[in-house]
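The values are calculated or read from the model by the stated rules, or taken from the named source; none is laboratory data. Predicted model, so just to flag it, every value in this text is computed and none were measured. Glycine also receives a Cβ, built like all others from the backbone with ideal geometry; neighbour counts cover every protein chain displayed.
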2 protein chains.
Amino acid sequence: MRAATVRDGEIVIEEHPDPVPGTGEVLVRVRAAGLNGADMMQRAGRYPAPPGSPEAIPGLELAGEVAALGPQAERFATGARAMAIVGGGGQAELAVVHERQLMPVPEPLSWPEAGALPEVFLTAHDALFTQADLRPGERLLVHGGSGGVGTAAIQLARLAGARVAATVRHEGARPAVAALGAEVLAPEDFAAHGPFDVVLELVGAGNLAENLQALATGGRVVVIGVQAGAKAELNLLALMGKRARIHGSTLRGRPLEEKALASRAVERELLPAFESGVLRVPVQETFPLEQAPAAYERFAAGGKHGKIVLTMD
Amino acid sequence: MRAATVRDGEIVIEEHPDPVPGTGEVLVRVRAAGLNGADMMQRAGRYPAPPGSPEAIPGLELAGEVAALGPQAERFATGARAMAIVGGGGQAELAVVHERQLMPVPEPLSWPEAGALPEVFLTAHDALFTQADLRPGERLLVHGGSGGVGTAAIQLARLAGARVAATVRHEGARPAVAALGAEVLAPEDFAAHGPFDVVLELVGAGNLAENLQALATGGRVVVIGVQAGAKAELNLLALMGKRARIHGSTLRGRPLEEKALASRAVERELLPAFESGVLRVPVQETFPLEQAPAAYERFAAGGKHGKIVLTMD
């Protein structure tokens, strides 16, 4: 099979041996695989794949057809449309996934939409509801509202009855974020628009002091992206005064059982809203697998609304 | 009535009008009132009393006899032994407390023990179980194990089946902390003794980086004391890698209903263990109210095991 491959800080397309599904695993003929921030870090050599994942093939999510079943795999029939988060290796023609991580693809979704769904919607769902316990009527602030996780989080929070504000760096991306139901704020003066019950930080440490300042009593900050910087001064007295908490989270390094639990929660709580068309997956642009290097450049350029997706015939 | 009073950064004993219990409130003839870190900050003018609390009379906890009932107060009979956290005003001969904050005093406890119980046991119980969700078998690290909250937290964590380590600055205080069931660590090398599932920070920001380093995956840091400094650099990537969270918490500023809920939880979950003698309140030294200035000096000198308590005849 052919796959996007990290070689010396570059993405190239290489031939790899076809993977073989083990017990409880499924071989998926990949039709689409979204790009994520972690892929950029892996390309730069700063985010090695977790144990058990292909070392050189990036890709944290995929959608495709079930091509073969390993021993005791029984949740999906051959030919079924399925999607999942994976520890790596999604950006390839074939991938092996444990059946407990796979979710059925809702009928209305195209392949690019399905291949761009798992990582950002699992991440946003876990951050908002499992970590931050966002409640109806609360106010959420999303830093980085126009990216994949940002557009997912805004939709999920609105679905759950929360009020949503979002900062968006690129002015051109603001109307589309507003159309998702968020009050769009400029990054430089968000703190004046609080208090917020939950802040979802997708940008970096630079906002930390103002996030605390803009937080409501009992507020929660969930940090899942730090591309603009990881270190900041924390004033613990301010944290105590707000009786606040700061979560750090990633999906990638979690064990199978936790990823499976997160997938079950999304299956149960979100897939019906994709079936009915209430939730959607914004896709900015698709690239055939052979053009993966260009897709990475497009991702890194920023200013996108929704996802960049690789497609495989 | 006479009361400890903050005047220009000093504690003096002054005469004040007797307080009058309002609806649902109880007048308590105070027999003992513990000192806490927040009293030191209030003495220095850095911790103003919350709205509704006496402005110049410090004291976050008290125990005494119910002297009179306000309209509709019905939980306690006149003469009953009761104790509570209060927003301020505990270090006086009389104090008014809402009956929903009052707890009955377990039979084995002396007045100084009862007057030293509420603040530190509510604080430790809330931090360990409500905030950090400490579980049986988990490892807890307490920074500042020999003070009031520290000795309470060690006992509660042991009672709940957790394993406990504690740092203690003053060498002389270490044997008593070990006798409570904690592995005693020197503050300078605790990080080598991880991983810890929960860290209770009673000292200050200086430990923050090493707390994160010593934290287990999914670990929780709860910060409720910062006397040794409030600001530190936080590495959000380290927080994400551990999928950890940092809580800041105080009891004092909470509304009546939250204090009442915390008191109900302690009543239900801890008072039976005081009745049976499994839990105890370490008291370092008692001072009559008239000697409050000396009590404050003793508290500020550090190196104590357990509480400093004012007593009223």
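Residues that are surrounded by 16 or more Cβ atoms within 10 Å (Cβ to Cβ), in contact (Cβ under 8 Å) with a residue 24 or more places away in the chain and among the acidic types (Asp, Glu) number at least 2 in the following strands (runs of 3 or more DSSP E) confined to the stretch B:1-78: B:61-69. Checked against the criterion of being more than 20 Å from A:Asn36 (Cα to Cα), out of contact with any Ser or Thr (no Cβ under 9 Å at 6 or more places or on another chain), of a type in the set (A, V, I, L, M, F, W, C) and away from chain B (no Cβ under 13 Å), the candidates A:Ala162, A:Ala186 yield just one match: A:Ala162.
Being touching a residue at least 12 places away in the same chain (Cβ under 8 Å), aliphatic (A, V, I, L, M) and in contact with a His (Cβ under 8 Å, 6 or more places away or on another chain): is that true of B:Leu212 here? Against the criterion (touching a residue at least 12 places away in the same chain (Cβ under 8 Å), aliphatic (A, V, I, L, M) and in contact with a His (Cβ under 8 Å, 6 or more places away or on another chain)), B:Leu212 does not qualify.
Taking the stretch A:231-269 as the range and being touching a strand residue (DSSP E or B) at 6+ places or on another chain (Cβ under 7 Å) and more than 13 Å from every other protein chain (Cβ to nearest Cβ) as the test, the residues that pass are A:Leu256, A:Ser263, A:Val266, A:Glu267.
Of the residues making up the stretch A:272-295, those that are surrounded by fewer than 20 Cβ atoms within 10 Å (Cβ to Cβ), touching a strand residue (DSSP E or B) at 6+ places or on another chain (Cβ under 7 Å) and part of a helix (DSSP H, G or I) are A:Glu290, A:Pro293, A:Ala294.
Selection of the stretch B:189-201 for residues being in a helix (DSSP H, G or I) and either within 8 Å of chain A (Cβ to nearest Cβ) or over 26 Å from A:Gly229 (Cα atoms) (or both) yields B:Asp189, B:Phe190, B:Ala192, B:His193. Of all residues in the stretch B:225-239, those satisfying the criterion of being modelled with pLDDT of 95 or more and crowded, with 21+ Cβ neighbours inside 10 Å are B:Leu234, B:Leu236, B:Leu239.
Within the stretch B:296-312, none of the residues are facing chain A (nearest Cβ under 10 Å) and buried (at least 21 other Cβ atoms within 10 Å of the Cβ).
Here A:Glu257 clears all of (1) charged (D, E, K, R); (2) modelled with pLDDT of 95 or more; (3) more than 18 Å from A:Leu62 (Cβ to Cβ) except the condition numbered (2). Tallying residues that are more than 18 Å from B:Ala165 (Cβ to Cβ) and either touching a residue at least 40 places away in the same chain (Cβ under 8 Å) or part of a loop (DSSP other than H, G, I, E, B) (or both) within the stretch B:225-241 yields 5. Can you confirm whether the stretch A:202-224 contains a residue that is within 8 Å of chain B (Cβ to nearest Cβ), assigned to a helix (DSSP H, G or I) and of a type outside the set (Asp, Glu)? Checked the stretch A:202-224: at least one residue is within 8 Å of chain B (Cβ to nearest Cβ), assigned to a helix (DSSP H, G or I) and of a type outside the set (Asp, Glu).
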